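Notes for the one structure printed next.
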Amino acid sequence: MSASHVAAGGRSHRAVLLTVTCLGQFMVLLDNTIVGAALPDMQNRLHTHLTGLQWIVDAYVLLVAMLLLSGGIFADRFGRKRVYLTGVAVFTAASGLCSLAPSVGWLIAARALQGIGAAALSPASLALLAAAHPVPQERVKAIGLWAGISGIGLAAGPVAGGVLTDAFGWPAIFLVNLPIGLVLLLVGLRSLEEARNPNAPAIDLPGTALSVPGVGVLTYGLIEGGARGWTSPVILGSFAAAAVLLAGFVAVEARRSAPMLPLRLFRQRLFTVSNTAMVVVGFALMGSTFFFSQFFVYVQGSSILRAGLQTLPTSLAMVVVSPYAGRLAARYGFRVVATTGLALAGLGLLALGTVHADTGYGNVWWRLAVVGIGFALTLSPLTGAAIQAVSPQEGGLASGISSTTRQIGAVLGVAVLGAVVRTRQSGGASFEAGLDSAFLMAGAITLAAAVPTGLWLARSKPAEASAAGRLSADPEKVAIGHEASANNR
């Protein structure tokens, strides 16, 4: 066989690999935003309250947050193809179970199973792509395509969710995953090649066993506190259990030779500041977008389809602006771009807190767009700063931790802001007034975070072959900025 045939075969294999990994990540990101459009229909058809909707979202995000780092290690140790296809199979099967769920409890359980699948699928897909592109420049381009193409799922989610829910009801948003998952399994089994890292660290079972229930019971206390009473024995007990479990997690991680969360990394100010800011980003972004469709449906009287379209400015702005965030960070430094993004997002959320039932959409969409632009400017620079704070060998770990802290913030955002709305309603306020309070709180916290980020985040810019060029384990489109800044240079 000639060299040209071999080269053509290699290019064909890489094209299939890129398609499979991008489509898998697209499915995961689509699920992040498609659910929001269906929440009002879920509430009506499943006869649940705000607490139930919070669990439908947080059950998924919680498992992704807590298992994401372990998913990457599993892929390295047991085979990236095996873990990727297992993740696809679990995610697809769980999507089918979600669509058939007869009650809120069954849907929450299926959503948790979806989160387990996503936590395996996302890091394994990127690991497969990186292993197939050993040349750094080719890897950068491949990851940029992976991030860009799969990131379209964020923008497509609100529209697809609105269309499917309006036409067929909320189960349709999960059924759409079935054909995608089946195609990925069929093609992946035939075309993907197995790859593993024999030197991968051991799986941190004690850390996982403490972190998942620790954050879980904390989330339970925050979500259920508004309904059961903040001083009830169950809620106080959940907070106490969370404190014990999370303290145990810190103690275990400090003593392990290969912890899932190396606490020594937090001695670096750049790493600590960037990850703290990332918790705020996850908190405000996920906590506020949880209510976008509900605002348009319940406060302004929009249809589910129209509400899905009306929420589009935020996700569309993030997809459009994200590719430029890395370039701006490369030119002006992490601090300027991240601080500007936090300030814009905070101001946008504060502006949303003044929107009412009679506010015309012409005076709403730009506020949503400002929120999206602001968060798009923060994600890549904050992840890049975390990566630059550590050694080149730990770049993937740092990026994975950055993604995990954002997901933890997302879990807390849905729980806390939902508790704010429910507490206001318990006090006699309207749902609209509760939403205003939630948006104002999210905006105030985000704006407040811009101050220490601006003061403490280093003036550094992405170093050559550092934050912009290293492998990112982020399961979302943050990698766009890294690869864009690398290409820009």
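Given the conditions (1) among the aliphatic types (A, V, I, L, M); (2) modelled with pLDDT of 90 or more; (3) crowded, with 24+ Cβ neighbours inside 10 Å, and given that ALA357 satisfies all but one, which numbered condition is not satisfied?
The failed condition is (3).
Suppose the filter is touching a residue at least 40 places away in the same chain (Cβ under 8 Å), over 12 Å from ALA442 (Cβ atoms), crowded, with 19+ Cβ neighbours inside 10 Å and within 24 Å of the chain's Cα centre (by Cα); does ALA345 pass it?
The answer is no for ALA345.
Tally the residues that are within 22 Å of LEU344 (Cα to Cα) and of a type in the set (A, V, I, L, M, F, W, C), restricting the search to segment 375-407.
Within segment 375-407, residues that are within 22 Å of LEU344 (Cα to Cα) and of a type in the set (A, V, I, L, M, F, W, C) number 7.
When you go through LEU53, LEU23, LEU17 one by one, which is the residue that is under 17 Å from ARG111 (Cα atoms) and in contact with a helix residue (DSSP H, G or I) (Cβ under 7 Å, 6 or more places away or on another chain)? Let's see the steps before the verdict.
Working: LEU23 fails: under 17 Å from ARG111 (Cα atoms); LEU17 fails: under 17 Å from ARG111 (Cα atoms).
Residue meeting the stated conditions: LEU53.
Hey, does segment 133-151 have a residue that's assigned to a helix (DSSP H, G or I), under 20 Å from GLU193 (Cβ atoms), of a type outside the set (Ser, Thr, Tyr) and free of Cβ contacts under 8 Å to residues at least 60 places away in the same chain?
Yes - at least one qualifying residue is present in segment 133-151.
Give just the number: which of (1) touching a Ser or Thr at 6+ places or on another chain (Cβ under 9 Å); (2) surrounded by 19 or more Cβ atoms within 10 Å (Cβ to Cβ); (3) of a type outside the set (Gly, Ala, Ser) does ARG331 not satisfy?
Against the list (1) touching a Ser or Thr at 6+ places or on another chain (Cβ under 9 Å); (2) surrounded by 19 or more Cβ atoms within 10 Å (Cβ to Cβ); (3) of a type outside the set (Gly, Ala, Ser), ARG331 comes up short only on (2).
Go through the residues of segment 262-278 one by one and say whether even a single one is among the hydroxyl-bearing types (Ser, Thr, Tyr), surrounded by fewer than 19 Cβ atoms within 10 Å (Cβ to Cβ) and part of a loop (DSSP other than H, G, I, E, B).
The answer is no, given that none of the residues of segment 262-278 is among the hydroxyl-bearing types (Ser, Thr, Tyr), surrounded by fewer than 19 Cβ atoms within 10 Å (Cβ to Cβ) and part of a loop (DSSP other than H, G, I, E, B).
Here is a yes/no grid of residues against (1) surrounded by fewer than 18 Cβ atoms within 10 Å (Cβ to Cβ); (2) among the polar types (S, T, N, Q); (3) modelled with pLDDT under 90:
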{"site": "ARG77", "(1), (2), (3)": "yes, no, yes"}
{"site": "ALA89", "(1), (2), (3)": "no, no, no"}
{"site": "LEU107", "(1), (2), (3)": "no, no, no"}
{"site": "GLY144", "(1), (2), (3)": "no, no, yes"}
{"site": "ALA147", "(1), (2), (3)": "no, no, yes"}
{"site": "ALA156", "(1), (2), (3)": "no, no, yes"}
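Out of VAL320, VAL281, which single residue is among the hydrophobic types (A, V, I, L, M, F, W, C) and either surrounded by fewer than 24 Cβ atoms within 10 Å (Cβ to Cβ) or over 24 Å from GLY148 (Cα atoms) (or both)?
Unique residue meeting the criteria: VAL320.
With the structure loaded, tell me whether VAL299 is touching a residue at least 60 places away in the same chain (Cβ under 8 Å), over 22 Å from VAL421 (Cβ atoms) and hydrophobic (A, V, I, L, M, F, W, C) or whether it fails that test. Don't jump to the end; show me each part of the working.
Values: touching a residue at least 60 places away in the same chain (Cβ under 8 Å): yes; over 22 Å from VAL421 (Cβ atoms): no; hydrophobic (A, V, I, L, M, F, W, C): yes.
Answer is no for this residue.
Give segment 374-398 a look and list any residue that's in contact (Cβ under 8 Å) with a residue 40 or more places away in the chain and farther than 17 Å from LEU457 by Cβ, or say none.
Within segment 374-398, ALA376, PRO392, GLU394, GLY395, GLY396, LEU397 meet the criteria.
Going by the conditions given, is ALA277 in contact with a Ser or Thr (Cβ under 6 Å, 6 or more places away or on another chain) and either touching a residue at least 12 places away in the same chain (Cβ under 8 Å) or in the same structural domain as GLY362 (by TED's automatic domain parsing) (or both)? Break it down stepwise before answering.
On the way: in contact with a Ser or Thr (Cβ under 6 Å, 6 or more places away or on another chain): yes; either touching a residue at least 12 places away in the same chain (Cβ under 8 Å) or in the same structural domain as GLY362 (by TED's automatic domain parsing) (or both): yes.
Yes; evaluated as a whole, the condition is true for this residue.
Would you confirm whether any residue within segment 366-373 is in contact (Cβ under 8 Å) with a residue 40 or more places away in the chain and more than 15 Å from GLY341 (Cα to Cα)?
Checking segment 366-373: at least one residue is in contact (Cβ under 8 Å) with a residue 40 or more places away in the chain and more than 15 Å from GLY341 (Cα to Cα).
Being of a type in the set (Ser, Thr, Tyr), part of a helix (DSSP H, G or I) and modelled with pLDDT of 95 or more, is that true of even one residue in segment 370-385?
No - not one qualifying residue is present in segment 370-385.
In segment 419-438, which residue that is outside any loop (DSSP other than H, G, I, E, B) and of a type in the set (Gly, Ala, Ser) is surrounded by the fewest Cβ atoms within 10 Å (Cβ to Cβ)?
Per the stated criteria, the residue is SER426.
Would you tally the residues in segment 176-198 being surrounded by fewer than 14 Cβ atoms within 10 Å (Cβ to Cβ) and within 18 Å of ALA94 (Cβ to Cβ)? Steps first, please.
Initially, segment 176-198 is screened for residues surrounded by fewer than 14 Cβ atoms within 10 Å (Cβ to Cβ), giving 179, 182, 186, 189-190, 193-194, 198.
Restricting the remaining residues to those that are within 18 Å of ALA94 (Cβ to Cβ) gives 179, 182.
The number of residues fulfilling the criteria is 2.
Would a scan of segment 226-238 turn up a residue that is within 19 Å of VAL416 (Cβ to Cβ), touching a residue at least 60 places away in the same chain (Cβ under 8 Å) and part of a helix (DSSP H, G or I)?
Within segment 226-238 (the criterion being within 19 Å of VAL416 (Cβ to Cβ), touching a residue at least 60 places away in the same chain (Cβ under 8 Å) and part of a helix (DSSP H, G or I)), the answer is yes, since at least one residue qualifies.
The values are calculated or read from the model by the stated rules, or taken from the named source; none is laboratory data. Please read these numbers as outputs of a predicted model, since none were measured by experiment. Methodologically, a virtual Cβ is constructed for each residue, glycine included, from the backbone with ideal geometry; neighbour enumeration extends over all protein chains shown.
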